[in-house]
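For reference, the structure discussed in these notes is given below.
The values are calculated or read from the model by the stated rules, or taken from the named source; none is laboratory data. All values reported here derive from a predicted model rather than from experimental measurement. Counting neighbours? That spans all protein chains shown, and the Cβs are built from the backbone with ideal geometry, glycine included. Note: areas computed on protein heavy atoms with side chains; ligands, DNA, RNA excluded. Shrake-Rupley method; radii C 1.70, N 1.55, O 1.52, S 1.80 Å.
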Amino acid sequence: MNNQQYDFYYKTNGLIYGLRIMGIIFLLASLVLFFNTWWPYLQILSLPLILLAVNFFIGSIVARKVISPDYMALPFVDLFSSPDGLVLDAGCGAGRVTIEVGKLLKNGQIVALDLFDPKVDSMSGGRDLLEKNLEIAGISNRVRIVQGDVTNMEFEDNNFDSALSALLLNNLGKSKLSGLNELFRVLKEGGKLLGIVPVTGLHTFAVMSVFSLLMTSKPEWRSLFGQAGFKLLEEGDINFGRYFLLEK
Ligand SMILES: C[S@@+](CC[C@H](N)C(=O)[O-])C[C@H]1O[C@@H](n2cnc3c(N)ncnc32)[C@H](O)[C@@H]1O
């Protein structure tokens, strides 16, 4: 057994400092309004602002505790059609999910796809880190690493038996549907996709405050999956988000 430690590169300092800065901005704004002399009625706004400031400070503590590899779990769902299938991990990052799939599918082959572009996601850790983690897990020989964009993949149609995508789809901005269309295209008929996305809830509200309300909602996700042609088989809460099991 390999005793080396994985490094999934979940560096949350940027997020934590950002939340603290937001907290300070809202705190200062609430003080300015509270002590303003030009229009006393504005004082009333200092209360919601100070609540938001507290929310951001709490968020910085929650982010440190919650956004850690230990908290990422995969649901026990009927995802793999065979123990030796070909599986796509879209947006694999440093391989946290890839390694879990490798443990489950002893004979399966995995394609680990990521942009590996620090400008897009400073939390991905890069290809070198993925290679190192796969080495530690002892599954390098069963994983093909592909640098690519999920919204425009190099794979042929009907190529994969199953696919996973954890915390990627939510990062695609206006290209969510393009990403889902591509995942649908590369899956075999009857192939399944497990998508995990953060959704508005207590955890995300604790971290992102009112901004969490801007996240794609569960009904919006269901609609996007339907537009891409997927059938929704199952869904539920997991980690700080939601999982969706979809079928082509
Ligand atoms: C939050 S990380 C999640 C990594 C991994 N799935 C996990 O759960 O640990 C999101 C990953 O998606 C990748 N990513 C973002 N946009 C992408 C795109 N258009 N195509 C492929 N990968 C992308 C990022 O580089 C990053 O590694």
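The condition (being in a loop (DSSP other than H, G, I, E, B), modelled with pLDDT of 80 or more and more than 27 Å from LYS132 (Cα to Cα)) is satisfied by just one residue among SER46, SER82, SER60: SER82. Residues in the stretch 14-34 that are open to solvent by less than 30 Å² (accessible area, probe 1.4 Å) and touching a residue at least 40 places away in the same chain (Cβ under 8 Å): ILE16, LEU19.
For (1) assigned by TED's automatic domain parsing to the domain that holds THR216; (2) within 12 Å of the ligand (Cβ to nearest atom); (3) within 17 Å of SER81 (Cβ to Cβ); (4) in contact (Cβ under 8 Å) with a residue 60 or more places away in the chain, each residue gets a yes or a no:
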{"residue": "ASN133", "(1), (2), (3), (4)": "yes, yes, no, yes"}
{"residue": "GLY148", "(1), (2), (3), (4)": "yes, yes, no, no"}
{"residue": "GLU156", "(1), (2), (3), (4)": "yes, no, no, no"}
{"residue": "LEU172", "(1), (2), (3), (4)": "yes, yes, no, no"}
{"residue": "SER175", "(1), (2), (3), (4)": "yes, yes, no, no"}
{"residue": "PHE184", "(1), (2), (3), (4)": "yes, no, yes, yes"}
{"residue": "GLY190", "(1), (2), (3), (4)": "yes, no, yes, yes"}
{"residue": "VAL197", "(1), (2), (3), (4)": "yes, yes, no, no"}
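Counting only strands (runs of 3 or more DSSP E) that sit wholly inside the stretch 168-248, those with at least 1 residues that are of a type in the set (Phe, Trp, Tyr) are 241-247. The single condition among (1) assigned to a loop (DSSP other than H, G, I, E, B); (2) modelled with pLDDT of 85 or more; (3) touching a helix residue (DSSP H, G or I) at 6+ places or on another chain (Cβ under 8 Å); (4) closer than 26 Å to ASP237 by Cβ that ASP121 does not satisfy is (2).
Taking interchain pairs and intrachain pairs at least six residues apart, which have beta carbon atoms under 6 angstrom, with the first residue in the stretch 76-89 and under 18 Å from VAL150 (Cβ atoms) and the second assigned to a loop (DSSP other than H, G, I, E, B)? Going by the 6 Å Cβ cut-off, the qualifying pairs are VAL87/GLY108. Against the definition (in contact with a Lys or Arg (Cβ under 7 Å, 6 or more places away or on another chain), at pLDDT 95 or above, more than 30 Å from ARG20 (Cβ to Cβ) and open to solvent by less than 20 Å² (accessible area, probe 1.4 Å)), how does GLY179 come out, yes or no? It is false that GLY179 is in contact with a Lys or Arg (Cβ under 7 Å, 6 or more places away or on another chain), at pLDDT 95 or above, more than 30 Å from ARG20 (Cβ to Cβ) and open to solvent by less than 20 Å² (accessible area, probe 1.4 Å). Residue-level check: of (1) within 21 Å of LEU233 (Cβ to Cβ); (2) not in a strand (DSSP E or B), ASP157 misses just (1).
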